[in-house]
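K.L.:
Please see the structure below; I have some questions.
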Amino acid sequence: MAPLSFEQVVSSFYKALYHFALSLTGQPSDASDLTQETFYIWATKGHQLRDGAKAKAWLFTTLYRQHLNSRWRESRLPHYELSAVDSQLPVISPTMVRKMDTATVMEAVRQIDEIHRVPLTLFYLEEHSYAEIAGILDVPIGTVMSRLARGKALLRQLLADKANPIANNIVPLSAGASSARKAHD
């Protein structure tokens, strides 16, 4: 069978793919996104399919895999409404945010001891799962989770200290004033 043009593929399979995506997601907007992603992949990789008769199966398989990938990403990095988790967010002043940059964060990461730095780097920078990190480090998953939690706490403290170094060394005015008076008397 001759290869199908992109337009032919879209006109032939869009409706069926959209309905399949809708049955998977339950949301019209998510189904549209999933269908569009599938056709994008077809546009970039569809030319590799040698038998045009298998285009339909290829499209449905690709759509389903994209759906599974998005579900996996959502479970790993869930989306929360800001108002629902507002109380759990750290208090970071706008001044602190302006002062932070990638170099500051990486410098702070390098200051963390290796036992906590390695899991942080593998999870956040290399995007490994807990299970993968456990395998790499040859430790139980619970240990990975514990080290990540401790590493995040250490990193948070280091960044807070860097953002406000003066506040960490201030002597209360009343104590300083009384000390100065005593030294003067």
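K.L.:
Does residue 76 count as of a type in the set (Lys, Arg) and more than 22 Å from the chain's Cα centre (by Cα)?
P.N.:
On the way: of a type in the set (Lys, Arg): yes; more than 22 Å from the chain's Cα centre (by Cα): no.
No; evaluated as a whole, the condition is false for this residue.
K.L.:
In segment 116-148, which residues are under 22 Å from residue 162 (Cα atoms), open to solvent by 60 Å² or more (accessible area, probe 1.4 Å) and of a type in the set (A, V, I, L, M, F, W, C)?
P.N.:
125
K.L.:
I would also like to ask the following. Open to solvent by less than 40 Å² (accessible area, probe 1.4 Å), modelled with pLDDT of 85 or more and within 27 Å of residue 74 (Cα to Cα): does that describe residue 155?
P.N.:
yes
K.L.:
Let me ask something else. Contact list please: Cβ distance under 6 Å, first residue in segment 52-79 and without any contact (Cβ under 8 Å) to a residue 24 or more places away in the chain, second residue surrounded by 11 or more Cβ atoms within 10 Å (Cβ to Cβ), pairs at least six apart or on different chains.
P.N.:
58/49
K.L.:
Please state which one of 108, 103, 55 is surrounded by 10 or more Cβ atoms within 10 Å (Cβ to Cβ), small (Gly, Ala, Ser), assigned to a helix (DSSP H, G or I) and at pLDDT below 85. Full working, then the answer.
P.N.:
Values: 108 fails: at pLDDT below 85; 103 fails: surrounded by 10 or more Cβ atoms within 10 Å (Cβ to Cβ).
Only one candidate passes the filter, namely 55.
The values are calculated or read from the model by the stated rules, or taken from the named source; none is laboratory data. Since the structure is predicted, the reported quantities are computational estimates derived from the model, not experimental observations. Neighbour counts run over all protein chains shown; Cβ positions are idealised from the backbone, glycine included. Just the protein is used for accessible areas: all its heavy atoms, side chains included, with ligands, DNA and RNA removed. Shrake-Rupley method; radii C 1.70, N 1.55, O 1.52, S 1.80 Å.
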